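The values are calculated or read from the model by the stated rules, or taken from the named source; none is laboratory data. The structure displayed is predicted, hence computed values, not measured ones. Neighbour counts run over all protein chains shown; Cβ positions are idealised from the backbone, glycine included. With ligands, DNA and RNA removed, areas are computed over all heavy atoms of the protein, side chains included. Shrake-Rupley method; radii C 1.70, N 1.55, O 1.52, S 1.80 Å.
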Amino acid sequence: MDYPFERTVYNEEETGKLAKLFAKEIESGDIIILNGELGAGKTFFVKHAASVWGINNVSSPSFAIVNSYKGNFIVYHFDFYRIKNPAELFDIGLNDYLNDTEAVIFIEWGNLFPEILSQPRIEIKIDTLDNSIRKFNFTKYE
Ligand code: ADP
Ligand code: MG
């Protein structure tokens, strides 16, 4: 995948394939931000990406704020949707997670707190074009 990268998919199966293609190039220490409206497919994308590393039980972290998994990589999967104040993120130890170079980190709704995400990262923007049509934009910030 060469960044920036754009791809339109027409159904869930194509999103799943794209997520797996993406996951194959990910290394521990990578931070991946997913932005897009409710139902865009952020959690769906993480679920399929993580399956490449032998993790098959991903669920939405929107209530827990962060879910942790261990497969070929440790995966921390955040959802900032319900966070009201960036102080809450420091309370849960976000910095320790972000500095864990052994883990792969996904953050849904990272765009809600852009000020805390200055590290090298990949941002994925998902636009819902129609019922099952999604446009993905992948951008890398070094
Ligand atoms: P988000 O985490 O962005 O709020 P979810 O991943 O929880 O969204 O939900 C995405 C929903 O959209 C799922 O119900 C999924 O079945 C549906 N969907 C329909 N078409 C697609 C597609 N092409 N890619 C991903 N999800 C899709
Ligand atoms: Mg979600």
Residue-wise HN-Hα coupling along the range 117-134, computed from phi with Karplus coefficients 6.51, -1.76, 1.60 (Hz; x: Gly, Pro): 10, 9, 5, x, 6, 10, 10, 10, 10, 10, 10, 7, 9, 6, 2, 10, 9, 10
Any idea what the dipole of the chain comes to, in debye rounded to 20, about its Cα centre with Lys/Arg Cβ at +1 and Asp/Glu Cβ at -1? 300 debye
Nitroxide proxy distance, nm - points 7 Å out along Cα→Cβ at residue 60 and residue 100: 2.3 nm
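Subtract the Cα-Cα distance of residue 70 and residue 142 from 0.36 nm times their separation in residues, and report this length gain in nm to one decimal. Spell out each step's value before the answer.
Values: separation 72, 0.36 × 72 = 25.92 nm, distance 2.59 nm.
Using 0.36 nm per residue and subtracting the Cα-Cα distance, I get 23.3 nm.
Around residue 60, under 15 Å between beta carbons, what's the net of Lys plus Arg minus Asp minus Glu among the other residues? Intermediate results must be reported in sequence, preceding the final value.
Values: positive: 42, 47, 82; negative: 37, 79, 108.
Here the count lands on 0.
Please give the net charge around residue 24, taking every other residue with its beta carbon less than 13 angstrom from that of residue 24, where Lys and Arg add +1 and Asp and Glu add -1.
Values: positive: 17, 20; negative: 25, 27, 30.
Every neighbour counted, the sum reads -1.
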Positive end of the charge dipole of the chain (Lys, Arg +1 and Asp, Glu -1 on Cβ, about the Cα centre): tell me which of 141, 18, 64 has its Cα farthest that way. 18
Within the set 24/47; 17/84; 17/70, which residue pairs have Cα atoms separated by over 24 Å? 17/84
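Whole number in Å², please: accessible area per residue of the chain, 1.4 Å probe, ligands, DNA and RNA not counted. Walk me through the numbers before you get to the answer.
Details: 7440 Å² over 142 residues.
Here the residues of the chain average 52 Å² of exposed surface.
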Stretchable slack from residue 135 to residue 37, in nm (0.36 nm times residue separation minus alpha-carbon distance): 34.1 nm
List the pair-distance distribution P(r) of the range 1-44, using every Cα-Cα distance, as the percent of pairs falling in each 5 Å bin from 0 up to the bin containing the longest distance, rounded to whole percents. 5, 16, 29, 32, 14, 4, 0
Projected onto their principal axes, the Cα atoms of the range 1-97 stretch, largest extent first, over whole-Å spans of 37, 29, 27
Compute the acute angle (0 to 90°) between the alpha-carbon long axis of helix 12-23 and the principal axis of greatest extent of the alpha-carbon atoms of the chain; round to the nearest 10°. 50 degrees
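What order do 48, 77 take when sorted by accessible area (1.4 Å probe), most exposed first? Before the final figure, lay out the partial values.
On the way: 48 45, 77 0 Å².
Output order, biggest surface exposure first: 48, 77.
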Based on the inverse mean of 1/r over its pairs of different Cα atoms, what is the Kirkwood hydrodynamic radius of the range 77-122, in Å? 11.1 Å
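Which net charge results for the neighbourhood of residue 121, defined as the other residues with beta-carbon distances under 10 angstrom from its beta-carbon, given Lys and Arg at +1 and Asp and Glu at -1? Write out the running numbers ahead of the final one.
Values: positive: 140; negative: 30, 123, 142.
Cβ neighbours under 10 Å give a net charge of -2.
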Most positive-pole-ward Cα, 31, 78, 51, against dipole of the chain from beta carbon charges: 51
